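Take a look at the structure set out below.
Values quoted throughout were computed directly from the atomic coordinates according to the rules given, and no laboratory measurement underlies them. Quick caveat, the model's predicted, so the values are computed rather than measured. In this analysis, Cβ positions are derived from the backbone assuming ideal geometry, glycine residues included, and neighbour counts consider all displayed protein chains.
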There are 2 protein chains.
Amino acid sequence: MRDFDEHNITEAVVDSLAQTRDARLKTVVTSLVRHLHDFVRDIELSFDEWNAAIDFLTRTGQMCSDKRQEFILLSDTLGVSMLVDAINHRMPEGATETTVLGPFFVAAAPELPLGADISAGIDGEKLSVNGVVCASDGRPLAGATVDVWHADDDGYYDVQQADLQSLAMRARFRTDGDGRFAFTSIMPAFYPIPHDGPVGRMLEALGRHPYRPAHVHFMIAAEGYETLITHIFDAESPYLDSDAVFGVKNSLIAPFSCEDQSGKVQRGLTYRFGLKPLPNIKGDS
Amino acid sequence: MRDFDEHNITEAVVDSLAQTRDARLKTVVTSLVRHLHDFVRDIELSFDEWNAAIDFLTRTGQMCSDKRQEFILLSDTLGVSMLVDAINHRMPEGATETTVLGPFFVAAAPELPLGADISAGIDGEKLSVNGVVCASDGRPLAGATVDVWHADDDGYYDVQQADLQSLAMRARFRTDGDGRFAFTSIMPAFYPIPHDGPVGRMLEALGRHPYRPAHVHFMIAAEGYETLITHIFDAESPYLDSDAVFGVKNSLIAPFSCEDQSGKVQRGLTYRFGLKPLPNIKGDS
């Protein structure tokens, strides 16, 4: 195994994987090597460009910390995260579409009674949210847990605000006997992904903005069903057509306002969520 | 631009590059996105695998320092560095083939007189090296600078040895009127690339060893010619057929020993280097 040129080196690298014990790892790395080499050959990568790529990847890794995951931002902004999401969530009729989890989920959000105000007194236009959780065949699901979280009207989540003493604009609810949940909060604003690092500079060089349209996150879990991770987007937000992370789906866009009986505009969101049954439900015990 | 599935998201990401000012950057990122998405689709990357990839890239970036470039090791061990080398050094007849620079070059090596001993007293079997530097058409090149560096007989370079007070097993020479240079040193040994980081763990998982066959590095510069960066490999070294970085070419393998007139084996290397003329040589001034 020697004397490689630009044509035969790919098979040489693939041959070097012959002793890989884990069959799936072998498949993944074989495909990675073929695609990576094809990319380098297609564009005839120069030495200066190779150096720039090594430097970019190094700075991206060194930007990562407990509070910042720059490689996830890179995956998000190149559409890889949403592609992985799409491949792993082929949804049946009646099931709500998924989108990215994002970096602002907190596992320990408190469970609150239905109808609670989760705004923790933060300024903003009041928003009332009413949801119903069903199976994809339409049966309502009682006792499902519904995690919600969203940004404030400046586009910041609670965990981004050093002066906040507690969690805000996030909570967990449990659906009632009809699969319903409800809460009030404030209107979320559109916001930029963190863009003061290598990925932000990449977006600039590509002539792209870092913004995401306004949305509320939902994570909905019920026994026997695939946990649903999604957002609902404000139908009137800017950036619906140029989400920096390619997360918008038409089925996830809903009005965040409606007219009441007197013709006055009220901020409110109503949405029906459908959950996909797990493929192998064990028998009752 | 919304409502992407696993099939149309790639064109959406490519479309988002429309405002990229630098045409070459646009070409490179467009190709990267297409190949990266094809890779993810081909293997149907799972969420767990995506998480593992994010974690691997993060640890690789965080292993990098002034003294360690883990992303270059990754590029080397996946054959990307040698592929970039091959694409950028398509050599004419008579020109010596190239290979990777590696991490152990030092720009400030001292210029020494022809015939000098560069071993700095380090233990090892004596090796005498005789070279001639020519243009690819065969004319000898006087006054070319020849940087040489190599590992000791334990496989370590001087810069890896904290107890060494000065440079050793490296120097710069200048060819004489016949294009010749010569020096003595000690036999280099095969050695592992640094493998105590993420790339080392990757090689283990792939059932690969981290070794490179024994070699001496050369960087040869002459006005009007492309600077040649290459190694000459010891024809009797282990790992010639499984170099961890895919750097071995048949034309770069040479005997490091020969029999003298009395039949006794002497360690010695003789090699003729050919340099490629630069494409656009300006007229005499």
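For the reader, a short list of remarks on this structure follows.
- DSSP-loop chymotrypsin sites (Phe, Trp or Tyr not before Pro) across region B:73-170, with at most 10 other Cβ within 10 angstrom: none
- Here, P(r) means the percent of Cα pairs in each 5 Å bin from 0 to the largest distance; for region B:67-165 it is 2, 9, 15, 17, 20, 16, 15, 6, 1, 0.
- The calculated P(r) of region B:164-285, using every Cα pair and 5 Å bins from 0, goes 2, 8, 14, 16, 17, 15, 11, 8, 5, 2, 1, 0 in percent.
- Using a Gaussian network model of chain B in which every pair of alpha carbons under 10 angstrom is joined by a spring, one finds that among B:Val248, B:Val265, B:Val80 the greatest mean-square fluctuation is at B:Val265.
- Each residue of region A:7-17 was assigned a 3J(HN,Hα) from its phi angle through the Karplus curve 6.51 cos²θ - 1.76 cosθ + 1.60 (θ = phi - 60°); the sequence is 9, 9, 5, 4, 5, 5, 5, 4, 4, 5, 8 Hz, with glycine and proline shown as x.
- Structural size metrics of the protein assembly as shown, computed from C-alpha coordinates, are Rg and Dmax of 30.5, 113 Å.
- Between copies, the label points at B:Asp117 (set 7 angstrom from Cα along Cα-to-Cβ) are spaced 8.9 nm, reported in nanometres from shortest to longest.
- Considered as an equivalent ellipsoid built on the Cα gyration tensor, region A:1-45 has semi-axes of 21, 14, 4 Å, the largest given first.
- Here is the list for region B:212-285: GluC sites (Glu not before Pro) lying in DSSP coil, each with at most 12 other C-beta atoms within 10 angstrom of its C-beta, are B:Glu223, B:Glu236.
- Descending principal axes extents, region A:118-231, alpha-carbon based, whole Å: 50, 32, 21
- When chain B is treated as a Gaussian network with alpha carbon springs shorter than 10 Å, the biggest mean-square fluctuation among B:Arg208, B:Arg41, B:Arg68 belongs to B:Arg41.
- For region B:128-142, Karplus couplings with θ = phi - 60° (6.51, -1.76, 1.60), whole Hz, Gly/Pro x: 10, 10, 10, x, 9, 10, 10, 6, 5, 8, x, 5, x, 10, 7
- Under 19 Å of direct C-alpha separation, and excluding same-chain neighbours fewer than eight residues apart, A:Lys26 reaches no lysines at all.
- What separates the Cα centres of region A:17-71 and region A:214-275 is a distance of 35 Å.
- A cut-off under 12 angstrom between Cβ atoms defines the neighbours of B:Asn250, and their net charge, with Lys, Arg +1 and Asp, Glu -1, is -2.
- Chain B residue nearest the rotation axis toward A, with distance: B:Gly61, 1 (Cβ to axis, whole Å).
- Here chain A carries DSSP beta bridges of which approximately 75% are antiparallel, counting only pairs with both residues inside.
- Net charge of neighbours whose Cβ lies under 15 Å from the Cβ of A:Asp42, counting Lys and Arg as +1 and Asp and Glu as -1: 0
- Each copy carries a label point for B:Pro255 at 7 Å from Cα along the beta-carbon vector; from one copy to the others these points are 9.0 nm apart, nearest first.
- Charge tally in the Cβ shell below 12 Å around A:Leu32, where Lys, Arg are +1 and Asp, Glu are -1, A:Leu32 excluded: -2
- Gaussian network model of chain A, springs between alpha carbon atoms under 10 Å - residue of A:Ile118, A:Ile43, A:Ile232 with greatest fluctuation: A:Ile43
- Computed [θ] at 222 nm, deg cm²/dmol, the protein assembly as shown (DSSP H ≥ 4; -39,500 (n - 2.57); rounded to nearest 500): -7500 deg cm²/dmol
- In region B:73-131, the GluC sites (Glu not before Pro) that fall in loop regions by DSSP, at most 14 other Cβ within 10 Å: B:Glu93, B:Glu125
- Per-residue Karplus couplings for region A:174-188, computed as 6.51 cos²θ - 1.76 cosθ + 1.60 with θ equal to phi - 60°, are listed in order as 10, 5, 7, x, 9, x, 9, 9, 7, 7, 10, 7, 10, 5, x Hz, Gly and Pro entered as x.
- Listed by chain and number, the aspartates and glutamates whose alpha-carbon sits under 15 Å from that of B:Lys276, ignoring those within fewer than 8 places in the same chain, are B:Asp85, B:Glu93, B:Glu97, B:Asp137, B:Glu223, B:Glu226.
- Ascending list, in nanometres, of distances separating the B:Leu101 label from those of the other copies (7 Å, Cα toward Cβ): 4.0
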